[in-house]
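Worksheet: one structure, shown below.
The values are calculated or read from the model by the stated rules, or taken from the named source; none is laboratory data. Since this is a predicted model, take the numbers as computed values, not measurements. Glycine gets a Cβ as well: all are built from the backbone with ideal geometry, and neighbour counts include every protein chain shown. Keep in mind that these areas ignore ligands, DNA and RNA; they rest on the heavy atoms of the full protein, side chains included. Shrake-Rupley method; radii C 1.70, N 1.55, O 1.52, S 1.80 Å.
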Amino acid sequence: MTQFTVKGLSWNTEDFVRDFGLAETVVVDGVALPRAYALPYAVSLLVQEIKSTLAAGAAAAEILEPMLDEIAVLAGALGLSEVRHGEGLLWREDLQKFVPWGRATNADIDGWQASGVWVDLPGLAYAIDARRPLVKTPTIITPAHGSTDAQLDVTTGPMRGLYGVESGGLRVRWYEPESATIVHDSGWVTGPVTHVAPDDGSINTLSSYDITAQHRDADGVESAESPRVIVTTAETLRPIMGVALVSTGGGAGTWQRVSEHGANLTTTPYDFGGPAWDRHPVWGGIVDEVVDGQAMVRIPAFYYRVGTAPVGSDQAGRTCWWVSSVPADGFVRHPAFRAGGEDIPHFWVAKYQGSNDGGTMVGSAPGVLPLVNLPFATYRSRCQARNVGGVTGFDAWSIYQLAAIQMLAMIEMGGSDSQALIGRGRVDEPVSGDNRARVDAADVAQATYRGIVGLWGNVAQFLAGLRATSSDVIEIWDRDGGQTWVDTGATAAPGLRPVTMRAQSGPGHDFRDVFVPALSSSAPSEWTWPDNARLSGHADAVAHAGGAWDEGDGAGLWRLSVSLTSLADDWVGGRLAKTP
């Protein structure tokens, strides 16, 4: 097999012909030839461009001259010609194209007029059809050929050109099997792109497709279309979705929804509330259900990862929160879906803020006032009082369950400002007096995410599983569902609203499971999450979330505070939850 080197890159003839699209059949002057052998004749297609920019045809030869040494090596390796003087093409002014010219003598060549532009045949394979063979045909890395669980994301290796030129884009086509019918054409996605996904709903689950890819350089030179990768799509087309923190501060941070590869998700289906979320098993699986006569919302189990977007991606190096409906490398099952050391498929959270049910239990029902004026221990015991007659799993909602909802909301919203992105909520009432409203009142319902009503405002809501000690050390339930207290060793951050969230971990805990401030500030320009979040100031304190009727801009999905365990007031209530 012939080996040759051009510009320091080593090739063999067979690989070069395949990788640069030279084996495909083209028709020149009515004759079908492999591209490698048709190149000598295709030069005429390029001459019009050359002549339009040069004053004299002879100047074309001057432009080609510096390439001839490399061209000769390449052409010889392809078997197009022995590199001998006098073999090539002649520009015919009368025909306005190059024509093949056999073995001419030196005298013949010397006698031609300036209008006859001579091009050595060894140059043809390298420079003639510059629209395709100078950029390597890409290899599709994912999905793999023959895969039966293909996702939407199509990834290739980086663009490669013989001269190391800059990447100009990637194009991916999805075809009906063994057909020329295109189901989805991404068009040219510009830049050094190695990842494209059809996010317009054109690709169906559990269906067969052929996929191809093309690269082009910054000058518009295109590769050949890659060989078809034959796949069957999975039941879920994008199990992993996330959000990147582009920059901290500014009042609510700057955010961007991303794929698992760190690519921006900017198409309409991924807008907040768009169809992509309803198609996803997690977001689409959040549904209302009646459990033990209570209005509840079921949250399906998911896996999550907090990390940085990969090198070369749109959000490379930036911190991202990702959620997956299936196990994946680097992902862990969220602790909200562990109970007693076992995995659970979902949990239920009350649709409404907790209300009085018969004077002995906490319930979830519309049209009533929230239950208040109970210390946390009593409130929690009334949640657990539902566990009779074979019913199990009822409790006050926990920090982990809230965090699961926060993570899903932050990704779908594409940001952290829940009041701006969802609704104001009941947060603008006077401080004094009992200003509770019904749990489904219009302003309370403004703070609704995926059917969970009144997530902030109206009354603050007790949280199980998080507390602060007399020395402001944060303690949290173990992440295995055992409800045992873990001393994190971390002390509560001073300040008002979060700039960054904690990410450290230790035995039995990982702060990435939840949203607890690492650095907070009183300066609005430094806030990344715009809600009040403080865990200091009280000894042996219990947490509550959301904020009450008077907290204004400080209330929201990330509102978090602590109060004495003995606190019982008309501004703090809670919310029911249940595990299977």
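Set side by side, the residues 426, 450 differ, and just one is in contact with a helix residue (DSSP H, G or I) (Cβ under 7 Å, 6 or more places away or on another chain) and open to solvent by 10 Å² or more (accessible area, probe 1.4 Å), which is 426.
Looking only at residues in region 429-466 that are over 30 Å from residue 287 (Cα atoms) and charged (D, E, K, R), which one is modelled with the highest pLDDT? Out of the qualifying residues, it is 429.
I'd like the full set of residues that are at pLDDT below 85 and open to solvent by less than 50 Å² (accessible area, probe 1.4 Å), limited to region 160-172. If the condition is that a residue be at pLDDT below 85 and open to solvent by less than 50 Å² (accessible area, probe 1.4 Å), then 161, 162, 167 are the ones that fit. The sole residue among 283, 277 that is among the aromatic types (Phe, Trp, Tyr), modelled with pLDDT of 95 or more and within 22 Å of residue 402 (Cα to Cα) is 283. Pull out all pairs, ordered by first then second residue, where Cβ-Cβ is under 9 Å, the residues are six or more apart or on different chains, the first lies in region 338-359 and is part of a strand (DSSP E or B), and the second is open to solvent by 60 Å² or more (accessible area, probe 1.4 Å) and among the basic types (Lys, Arg). Correct list of pairs: 338/479; 346/298; 347/298; 348/298; 349/298. Looking for whichever is over 13 Å from residue 404 (Cα atoms), surrounded by 16 or more Cβ atoms within 10 Å (Cβ to Cβ) and in contact with a helix residue (DSSP H, G or I) (Cβ under 7 Å, 6 or more places away or on another chain) here; the options are 304, 270, 352. Which one fits? Exactly one residue qualifies, and that residue is 270. Test residue 531 against the criterion of being assigned to a loop (DSSP other than H, G, I, E, B) and surrounded by fewer than 18 Cβ atoms within 10 Å (Cβ to Cβ), and give yes or no. Judged against the criteria, residue 531 is not a match. Under the condition of being part of a strand (DSSP E or B), out of contact with any Pro (no Cβ under 8 Å at 6 or more places or on another chain) and not polar (S, T, N, Q), the residues counted in region 311-332 number 5. Taking region 165-216 as the range and being assigned to a strand (DSSP E or B), small (Gly, Ala, Ser) and under 21 Å from residue 262 (Cβ atoms) as the test, the residues that pass are 167, 168, 169, 213. In this structure, is residue 516 within 14 Å of residue 399 (Cα to Cα) and either open to solvent by 20 Å² or more (accessible area, probe 1.4 Å) or in contact (Cβ under 8 Å) with a residue 12 or more places away in the chain (or both)? For residue 516, the condition - within 14 Å of residue 399 (Cα to Cα) and either open to solvent by 20 Å² or more (accessible area, probe 1.4 Å) or in contact (Cβ under 8 Å) with a residue 12 or more places away in the chain (or both) - is met. Among the conditions (1) open to solvent by less than 20 Å² (accessible area, probe 1.4 Å); (2) touching a Pro at 6+ places or on another chain (Cβ under 7 Å); (3) not in a helix (DSSP H, G or I), residue 436 misses just one, which is (1). Among the conditions (1) in a loop (DSSP other than H, G, I, E, B); (2) at pLDDT 95 or above; (3) among the hydroxyl-bearing types (Ser, Thr, Tyr), residue 500 misses just one, which is (1).
For region 398-422, residues that are part of a loop (DSSP other than H, G, I, E, B) and open to solvent by 10 Å² or more (accessible area, probe 1.4 Å) total 3.
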